[in-house]
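These notes are about the structure you will find just below.
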Amino acid sequence: MPRTEHPRVENADHPLPGAGSVSRTSARPQTPAGVEVLVPGTPGAPVVLITECDHDTFDAEIAVARQAGVELRLAQARTAEELVAAAAGAAGLVVQYAEISAAVLDALPGLQVVSRYGVGVDSVDVAAAAARGVTVCNVPDYGTEAVSDHAITLALTASRGVARLDRGVRAGRFDLQAVRPVGQVRGSVFGVVGVGRIGHATALKARGLGYEVLGFDVLAPDADGELHGVPVAPLDEVLRRADVVSLHTPLTVATHHLVGRRELALMKPTAVLVNTSRGGVVDTDALVAALGEGRLRAAGIDVHEEEPVPVGHPLTRLENVTLTPHLAWYTEESYTELKRRTVENAVEAIAGRVPRNVVTEETR
Ligand SMILES: NC(=O)c1ccc[n+]([C@@H]2O[C@H](COP(=O)([O-])OP(=O)(O)OC[C@H]3O[C@@H](n4cnc5c(N)ncnc54)[C@H](O)[C@@H]3O)[C@@H](O)[C@H]2O)c1
């Protein structure tokens, strides 16, 4: 399964032989060695190269390329040198893990766009791209439905102790003692921290199930009003009142360990914490202590401070934790949408139109 939300950064600032010495040319070279042509283009058609990704099909990308009349190529380049050789003459690069440094950009003078599968563009030197007139694109919202589905799944699974009960049945325990007391949804409060795209979608789904929803967002930090139709309150009040706290902020300096020892102490001992945002938003040591000492009922955690989670990690020894491997973004629909829109962004830029999602230093 693809690991789109995990940029694997290799080849950092790899100095390239001859970088910067290549003259700009519009001539299209022969297909370089090791490059597979997925969609042949007519002579003179712009070339888009997909490189270093772990997708197992390219149907969505091929459909977009055919429609747009671009030549689509694939090369699993592992080093900056391999990437530059494979991308010679390409107008567009579609990347998942590849490090796109200033040196790589200098070695690809015909490049017009770098389009990344996913949200984060940490692996692309956005400032260097802007300085060279290369557009950088991402797909920031492909996982809104999938992540909110997963947050609700973890909330219900953790609240009802489903994973623990499943392990119990397999071990011959056929009763409910291990998970008592379980409360019902109606009448329970679902706290949403970060009422953005995913937080809002999660809030609507939680409300549909019968939860009372209460949000907190830095955009409305102290308000007693609403944000996007979700009632909001200060963070401490959300933590005190909620039976489920679901985290949906980005990881920033301000949100690093947003939920730590103090915040966990504010939560009800019967409450459940769900994290599908980023591992660093929660102080994992404080969470392990709270769960282990019965100060928090359960947790459902998709994102982790260390990924993959090391074998034997303290979280994995706790019965009241449900863990998933940073896959909240994944459904077949979101996966296809991600692949389609990544190539759409590239072909839009090459056609001289403004792609749907452009990343700049200001907007990232
Ligand atoms: N687990 C996964 O597979 C997966 C997939 C996609 C996204 N994500 C995570 O989900 C996060 C949210 O995605 P989104 O599309 O909803 O982003 P978004 O930008 O639409 O929403 C984020 C919200 O958080 C709020 N926020 C920022 N700082 C805050 C703070 N200090 N306190 C409270 N609120 C704060 C913002 O105001 C905004 O409303 C992403 O940043 C990413 O970390 C995870």
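The values are calculated or read from the model by the stated rules, or taken from the named source; none is laboratory data. Note that this is a predicted model, so its numbers are computed, not measured. As a convention, Cβ positions derive from the backbone with ideal geometry for all residues, glycine included, and neighbour counts pool all protein chains shown.
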Exercise for the section: Report yes if some residue within the range 164-171 is touching a residue at least 24 places away in the same chain (Cβ under 8 Å) and buried (at least 18 other Cβ atoms within 10 Å of the Cβ); otherwise report no. Expected result: yes
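Conditions (1) under 18 Å from S115 (Cα atoms); (2) touching a Lys or Arg at 6+ places or on another chain (Cβ under 7 Å); (3) not assigned by TED's automatic domain parsing to the domain that holds N138, marked per residue:
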position	(1), (2), (3)
V272	no, yes, yes
P308	no, no, yes
P314	no, no, yes
E337	yes, no, no
Exercise for the section: Say whether the condition of being of a type in the set (S, T, Y), surrounded by fewer than 21 Cβ atoms within 10 Å (Cβ to Cβ) and within 12 Å of the ligand (Cβ to nearest atom) is met by at least one residue in the range 319-327. Expected result: yes
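Residues of the range 173-201 being among the basic types (K, R) and either touching a Phe, Trp or Tyr at 6+ places or on another chain (Cβ under 7 Å) or crowded, with 17+ Cβ neighbours inside 10 Å (or both), which ones?
Just the residues of the range 173-201 that are among the basic types (K, R), to begin with: 173, 180, 186, 197.
Correct list: R197 only.
In the range 175-193, is there at least one residue being in contact with a His (Cβ under 8 Å, 6 or more places away or on another chain) and either more than 16 Å from the ligand (Cβ to nearest atom) or closer than 21 Å to V272 by Cβ (or both)? Lay out the reasoning, then the answer.
At the first step, the residues of the range 175-193 found to be in contact with a His (Cβ under 8 Å, 6 or more places away or on another chain) are 192-193.
Applying the additional criterion that residues be either more than 16 Å from the ligand (Cβ to nearest atom) or closer than 21 Å to V272 by Cβ (or both) yields 192-193.
Yes.
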Fill in the blank from the handout: Restricting attention to the range 234-272, the residues that are more than 12 Å from the ligand (Cβ to nearest atom) and assigned to a loop (DSSP other than H, G, I, E, B) number exactly 8
Fill in the blank from the handout: Note on the range 258-278: residues without any contact (Cβ under 8 Å) to a residue 40 or more places away in the chain and not hydrophobic (A, V, I, L, M, F, W, C) are G260, R261, R262, E263, K268, P269, N275, R278
Practice task
Output the number of residues of the range 205-229 satisfying the condition of being within 15 Å of the ligand (Cβ to nearest atom) and aromatic (F, W, Y).
Solution key: 1
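Each row is one residue, and each column tells you yes or no for (1) within 16 Å of the ligand (Cβ to nearest atom); (2) surrounded by fewer than 18 Cβ atoms within 10 Å (Cβ to Cβ); (3) not assigned by TED's automatic domain parsing to the domain that holds V213.
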site: V113; (1), (2), (3): no, no, yes
site: D122; (1), (2), (3): yes, yes, yes
site: V134; (1), (2), (3): no, no, yes
site: A203; (1), (2), (3): yes, no, no
Practice task
Determine whether V347 is under 18 Å from the mean Cα position of the chain (by Cα) and not in a loop (DSSP other than H, G, I, E, B).
Solution key: no
Exercise for the section: Read through the list (1) within 11 Å of the ligand (Cβ to nearest atom); (2) in contact (Cβ under 8 Å) with a residue 60 or more places away in the chain, then give the number of the only condition that A349 fails. Expected result: (1)
Handout entry: Residue in the range 292-299 that is within 16 Å of the ligand (Cβ to nearest atom) and either surrounded by 16 or more Cβ atoms within 10 Å (Cβ to Cβ) or within 30 Å of V48 (Cα to Cα) (or both) present
Key = yes
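If you take the residues in the range 300-318 that are under 19 Å from the mean Cα position of the chain (by Cα) and of a type in the set (A, V, I, L, M, F, W, C), which one is surrounded by the fewest Cβ atoms within 10 Å (Cβ to Cβ)?
Step one: of the range 300-318, the residues under 19 Å from the mean Cα position of the chain (by Cα) are 300-309.
Among the residues that remain, those that are also of a type in the set (A, V, I, L, M, F, W, C) are: 301, 303, 309.
Details: I301: 24, V303: 21, V309: 17.
Residue satisfying both the conditions and the ranking: V309.
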Problem - Among the residues listed as A127, A178, the single one being assigned by TED's automatic domain parsing to the domain that holds L108, out of contact with any strand residue (DSSP E or B) (no Cβ under 6 Å at 6 or more places or on another chain) and touching a residue at least 24 places away in the same chain (Cβ under 8 Å) - result: A127
